[in-house]
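Asks: Handing you a structure now.
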Amino acid sequence: MGSDTIRQKGIYIHIPFCISKCIYCDFCSAPADEDTKEQYVSALCREIRQAGIEAEQKGENRTASTVFFGGGTPSILRSAQIVEIMNAVREAFRLTDDAEITMECNPGTLTKEKLETYRYAGVNRLSIGLQSTNNRDLKNLGRIHTYEQFEESYIEARLAGFNNINVDIMSAIPGQTPEKYAENLRRVVALKTEHISAYSLIVEENTPLYDMVERTHGRILPSEEDDRRMYTMTKEILGEAGYNRYEISNYAKPGYECRHNCFYWNRTEYLGFGIAAASLSGNRRYTNTSDMASYLANPIHNRAEEQILTVEDEMEEYMFLGLRMMKGVDKTEFARLFGKDYDEVYGDITRRHIEQGLMAAEGSRLCLTDIGIDISNTVMADYIL
Amino acid sequence: MSVDQSKIRNFCIIAHIDHGKSTLADRIIEKTGLLTSREMQAQVLDNMDLERERGITIKAQTVRVVYKAQDGEEYIFNLIDTPGHVDFNYEVSRSLAACDGAILVVDAAQGIEAQTLANVYLALDHDLDVIPVINKIDLPSAEPQRVIDEIEDVIGIEAQDAPLISAKNGINIDQVLEAVVHKIPAPTGSKDNPLAALIFDSLYDAYKGVIVFCRIKEGTVKKGTRIRMMATGAEFDTVEVGYFGAGQFIPCDELTAGMVGYITASIKNVRDTRVGDTVTDADRPCEQPLPGYKKVNPMVYCGMYPADGAHYSDLRDALEKLQLNDAALQYEPETSVALGFGFRCGFLGLLHLEIIQERLEREYDLDLVTTAPGVIYKVHKTDGTVIELTNPSNLPDPSEIEYMEEPVVSAEIMVTTDYVGPIMELCQQRRGVYLGMEYMETTRALLKYELPLNEIIYDFFDALKSRSRGYASFDYELKGYVQSKLCKLDILVNKEEVDALSFIVHADSAAERGRKMCEKLKDEIPRQLFEIPIQAAIGGRIVARETVKAMRKDVLAKCYGGDISRKKKLLEKQKEGKKRMRQFGNVEIPQKAFMAVLKLDDD
């Protein structure tokens, strides 16, 4: 990657619809009627086209090498709507030949027809929200599908020609034991997916799960010991099966790392379209409104938040995003990007982290150790200037 | 403008806490037309944010209003508001010296409380005429006649024609104003005599320097007068004189005998003006300084340290300025292994400590670490010398100690008879010695106890209120020192003694306190990379132990495009939290842990 990364660009498209909301979800997403979806798709296309026009006027780079449909459940849309959006993207931007085009989807929303249309529209990577292979877990989480339905969708996707598939799985689900979780991992490994995202469940505020946890004083969650065991198992079982951990929660077969997500951690430019979508463009971070009515009325430059990053902000981001990746950060790259000697800025704290066994150095590279990853927030907080 | 001395009334309002003193002051200000009711913010005289929030008066406040009486004449009222809490008696005493009379406010339902008596005695000590006023007569539970009888019986002052008022609802305020005119004497003294003015308060203003609040007893002071502070000998040229509007200073031509007002004279050094000192005319001095105030001695001590060592001098400046405004505050530099450079500060009581702490944090924007409060112990050493111990770290080796003494107070607790049992039980738990009980009337009793001061400085007042449903009131004065079996409880964090956490405790309860302290600290100290033992020790013997488990997981599983700004905020917050910690060896201890000892009796 290196200097090439900087000139690349990713496109994120937010589809804020789902069939029903899961108990742990704090994303901008909700069930909606057909009419709203239709209006949303046309607003989205307007926003994308306008961005293309503006980029052209300013003489900016219009080449993109990734597109990522996230949600919500993007696969809830009719396949024609996906085609419509992809047409707008291609009109506004030039997609590279090897562009990675990912669609997040949920089992139970996929059909043969949809999958084939996605392929036709250029989608070449699927990210399926499985979460667990255990039907009781799925029910506990408020998921709409069973494991059997997932398997059907998965086979269908393979048949449709998808050869780059990610599966999301979750640990520390209420009621989950390490034994059951290990079974989860083995079943997923047996599917031979190219990529696995393994998260530990995060209890976010303003979710039904949060209230449940509060009410029971955390008793519904697995114990700390079990949580730790599941976490260690993930590394072990996936590692043995040939998956390479390249980010805190992401594992891939060699060559199948998610390019789009790496953009976030490498601070490569990305443009987000749709409500609540975030962008990084030059030294600006901005986020679209999360109000549906407002967005539908005016999808162009309708921002809830915009921040101009100072060099300090950028250095901090470089550190706390870069350290999420196993390859870590690079002192030489730091100097090139910010025109400052790494050790002058962070030398003392890094030395302490290395002494404490939280970080490791190899040449000019620095990365978190296993213990460092376990408490990465504590470590990263030290890189806030 | 010349002021007719016979038309001046200098008075204060005294009352038990919550009996409506500040509300009556507000009503008087409103009635006399200094402010329209629209301009009135509730409790005008409580102008510190802290006072409004807590609903208490901390500093004495002064305001001058003009009242057109029923006899058609205009009178100048200098109204001095005073604090009600026992910790601030000293402030009351200072204010009284500037007055010629006092309005005594008594709650029509609650009647006389401990602080009512304490304040009345203070007023009588200063030869003030006391006029009683019965407040809150519109309460359903009001019994004005019973309270009037009580005032006559207990205090022994005439109260049959006391105004019956509601300060809150503005009922019969006129009667109070007329009583001030007719029952409080006009000041005496001649404007032609040599100047003698009593300093009763002062504050520092960044532009004007020290502003001296004084009562002119004799003579005249005006712009240009060369003044001398009689105790310090410092001399200044008067720049401005004036009186007190509501929350502002109003300049005037001169202050003459009988008036209450302020003087500025480009006084830069706060130490030159001492509250209680006499201001005189350097060219024509008075013979004798006015009698000052009794010096008050702090009863409670604690260490105060800047959270960031670099702010040591800011803390020193802030303390110096606060002391100017609050003569009861004392401080001297000290150092702690754990906390670095700071000050050992002395206070009148725990509320006083808390108020100063909050004022330092709010008004001076300082981040503080405060250590556990303690009292002054007398340590009699085997070599015959005696040391006064304010900092537990300075306790000599046990082999050098003959015996120790601790301060005890005589406490008076007024309580309705229903709660006598629970209150006696509380006093016994706190090592109290029962001295006696008097029935004030059929439903109220006055309990007398001798209590060790170190048993009441933390939370005694709260415990008292909760066991009496708020009906008990409490007053105490230092009685003296008694020999006591005391020991120092040390706290070891990660096997190292943290000096700032040590405290002196009675030997019988030391182990129990040590256990609770460890439990508390276990909750206060966040998990860190490794396991941290927390131990309590008496003279090297471990009496309790808890363990803070190692931190095992602090990781954000997901961080994608839309999460980055949020993640940054989270890390910033975490970083802020770390700043509020004290690095001690390898362990980070949060500031609030140093106050943990205060909360040992929560349960």
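The values are calculated or read from the model by the stated rules, or taken from the named source; none is laboratory data. All values derive from a computational prediction rather than experimental measurement. Neighbour counts run over all protein chains shown; Cβ positions are idealised from the backbone, glycine included.
Asks: Only residues that are among the small types (Gly, Ala, Ser) and surrounded by fewer than 17 Cβ atoms within 10 Å (Cβ to Cβ): list them for region B:382-441, please.
Replies: B:Gly384, B:Ser399, B:Ser410, B:Gly421, B:Gly436
Asks: Restricting to region A:136-151, what's the tally of residues that are buried (at least 16 other Cβ atoms within 10 Å of the Cβ), outside any loop (DSSP other than H, G, I, E, B) and among the charged types (D, E, K, R)?
Replies: 1
Asks: Could you look through region A:158-181, keep only residues that are surrounded by 16 or more Cβ atoms within 10 Å (Cβ to Cβ) and among the small types (Gly, Ala, Ser), and pick out the one that is nearest to the chain's Cα centre (by Cα)?
Replies: Ranking the qualifying residues of region A:158-181, first place goes to A:Ser171.
Asks: Report, by residue number, each residue of region A:68-117 that is among the acidic types (Asp, Glu) and within 18 Å of A:Ala277 (Cα to Cα).
Replies: Answer for region A:68-117, where residues must be among the acidic types (Asp, Glu) and within 18 Å of A:Ala277 (Cα to Cα): just A:Glu104.
Asks: How many residues, within region A:300-318, are under 24 Å from A:Val329 (Cα atoms), β-branched (Val, Ile, Thr) and not in a helix (DSSP H, G or I)?
Replies: 2
Asks: Would you confirm whether or not region B:334-356 contains a residue that is assigned to a loop (DSSP other than H, G, I, E, B), under 28 Å from B:Val279 (Cβ atoms) and in contact with a Lys or Arg (Cβ under 7 Å, 6 or more places away or on another chain)?
Replies: Checking region B:334-356: not a single residue is assigned to a loop (DSSP other than H, G, I, E, B), under 28 Å from B:Val279 (Cβ atoms) and in contact with a Lys or Arg (Cβ under 7 Å, 6 or more places away or on another chain).
Asks: Among the numbered criteria (1) of a type in the set (D, E, K, R); (2) closer than 30 Å to A:Lys37 by Cβ; (3) away from chain B (no Cβ under 14 Å); (4) loosely packed, with under 14 Cβ neighbours inside 10 Å, which one does A:Asp291 miss?
Replies: (4)
Asks: OK, next. If B:Asp554 meets every condition in (1) crowded, with 16+ Cβ neighbours inside 10 Å; (2) in contact (Cβ under 8 Å) with a residue 24 or more places away in the chain; (3) not small (Gly, Ala, Ser) apart from one, which number is that one?
Replies: That leaves (2) as the condition not met.
Asks: A further question follows. Scan region B:460-474 for residues that are of a type outside the set (S, T, N, Q) and crowded, with 16+ Cβ neighbours inside 10 Å and jot them down.
Replies: B:Phe460, B:Phe461, B:Ala463, B:Leu464, B:Arg467, B:Tyr471, B:Ala472, B:Phe474, listed by residue number.
Asks: Which residue, of A:Gly347, A:Gly357, is within 11 Å of chain B (Cβ to nearest Cβ) and loosely packed, with under 15 Cβ neighbours inside 10 Å?
Replies: That would be A:Gly357, the only listed residue that is within 11 Å of chain B (Cβ to nearest Cβ) and loosely packed, with under 15 Cβ neighbours inside 10 Å.
Asks: Determine which single condition A:Val89 fails, assuming it passes every other condition in (1) under 21 Å from A:Arg119 (Cβ atoms); (2) over 22 Å from the mean Cα position of the chain (by Cα); (3) not in a strand (DSSP E or B).
Replies: Here A:Val89 meets the rest and fails (2).
Asks: Take B:Gln583 and tell me if it is polar (S, T, N, Q) and within 14 Å of chain A (Cβ to nearest Cβ).
Replies: Against the criterion (polar (S, T, N, Q) and within 14 Å of chain A (Cβ to nearest Cβ)), B:Gln583 qualifies.
Asks: Continuing with the same structure: Can you name every one of the strands (runs of 3 or more DSSP E) wholly within region B:440-519 that holds 2 or more residues which are over 22 Å from the mean Cα position of the chain (by Cα) and within 30 Å of B:Gly111 (Cβ to Cβ)?
Replies: Filter on region B:440-519 gives B:444-452.
Asks: State all residues of region A:196-236 that are touching a residue at least 12 places away in the same chain (Cβ under 8 Å), over 26 Å from A:Asn166 (Cβ atoms) and either within 12 Å of another protein chain (Cβ to nearest Cβ) or in contact with a strand residue (DSSP E or B) (Cβ under 7 Å, 6 or more places away or on another chain) (or both); if no residue qualifies, say none.
Replies: A:Glu205
Asks: Can you go through B:Asn135, B:Asn169, B:Asn193 and tell me which one is polar (S, T, N, Q) and free of Cβ contacts under 8 Å to residues at least 60 places away in the same chain?
Replies: B:Asn169
Asks: Follow-up. Answer yes or no: is there a residue in region A:244-255 that is of a type outside the set (Lys, Arg), within 19 Å of A:Gly71 (Cα to Cα) and outside any loop (DSSP other than H, G, I, E, B).
Replies: Within region A:244-255, one or more residues are of a type outside the set (Lys, Arg), within 19 Å of A:Gly71 (Cα to Cα) and outside any loop (DSSP other than H, G, I, E, B).
Asks: Also, I was wondering about something else. Is there a residue in region A:212-234 that is at pLDDT 95 or above and over 21 Å from the mean Cα position of the chain (by Cα)?
Replies: No, region A:212-234 contains no residue that is at pLDDT 95 or above and over 21 Å from the mean Cα position of the chain (by Cα).
Asks: Which pairs turn up if I take residues in region B:426-449 that are closer than 25 Å to B:Arg146 by Cα and look for partners that are outside any strand (DSSP E or B) and among the polar types (S, T, N, Q) with beta carbon separation below 8 Å, at least 6 apart in sequence or on another chain?
Replies: Short answer, once both residue conditions are applied: B:Tyr439/B:Thr417; B:Thr442/B:Thr417; B:Thr443/B:Thr417; B:Arg444/B:Thr417; B:Ala445/B:Thr417.
Asks: I'm told A:Ile248 meets every condition in (1) of a type in the set (Val, Ile, Thr); (2) surrounded by 12 or more Cβ atoms within 10 Å (Cβ to Cβ); (3) more than 28 Å from A:Val329 (Cα to Cα) except one. Can you identify the failing condition by its number?
Replies: That leaves (3) as the condition not met.
Asks: State all residues of region B:471-497 that are hydrophobic (A, V, I, L, M, F, W, C) and modelled with pLDDT of 90 or more; if no residue qualifies, say none.
Replies: B:Val482, B:Leu486, B:Cys487, B:Leu489, B:Ile491, B:Leu492, B:Val493
Asks: While we're on this one: Looking at region B:526-577 only, could you name the residues that are part of a loop (DSSP other than H, G, I, E, B) and within 7 Å of chain A (Cβ to nearest Cβ)?
Replies: B:Leu529, B:Met551, B:Arg552, B:Lys553, B:Asp554, B:Val555, B:Leu556, B:Ala557, B:Lys558, B:Cys559, B:Tyr560 - these are the residues of region B:526-577 that are part of a loop (DSSP other than H, G, I, E, B) and within 7 Å of chain A (Cβ to nearest Cβ).
Asks: Shifting gears a bit: Name the single residue that is nearest to the other protein chains (Cβ to nearest Cβ) among those in region A:360-380 being in a strand (DSSP E or B) and touching a strand residue (DSSP E or B) at 6+ places or on another chain (Cβ under 8 Å).
Replies: A:Leu368
Asks: Of the numbered conditions (1) in contact with a helix residue (DSSP H, G or I) (Cβ under 8 Å, 6 or more places away or on another chain); (2) modelled with pLDDT of 95 or more, A:Arg90 satisfies every one except a single condition; which is it?
Replies: (1)
Asks: Check whether at least one residue in region A:317-324 is of a type in the set (Lys, Arg), under 22 Å from A:His260 (Cα atoms) and either surrounded by fewer than 13 Cβ atoms within 10 Å (Cβ to Cβ) or within 14 Å of chain B (Cβ to nearest Cβ) (or both), and report yes or no.
Replies: Yes, some residue in region A:317-324 is of a type in the set (Lys, Arg), under 22 Å from A:His260 (Cα atoms) and either surrounded by fewer than 13 Cβ atoms within 10 Å (Cβ to Cβ) or within 14 Å of chain B (Cβ to nearest Cβ) (or both).
Asks: Considering B:Tyr312, B:Tyr305, which residue is part of a strand (DSSP E or B) and either in contact with a helix residue (DSSP H, G or I) (Cβ under 9 Å, 6 or more places away or on another chain) or closer than 27 Å to B:Asn394 by Cα (or both)?
Replies: Result of the check over B:Tyr312, B:Tyr305: B:Tyr305.
Asks: Considering each of B:Lys592, B:Lys568, B:Lys553, B:Lys558 in turn, give the residue that is at pLDDT 90 or above and within 30 Å of A:Ser376 (Cβ to Cβ).
Replies: Criteria check complete, one pass: B:Lys568.
Asks: Residue check: is A:Gly339 away from chain B (no Cβ under 12 Å) and surrounded by fewer than 19 Cβ atoms within 10 Å (Cβ to Cβ)?
Replies: yes
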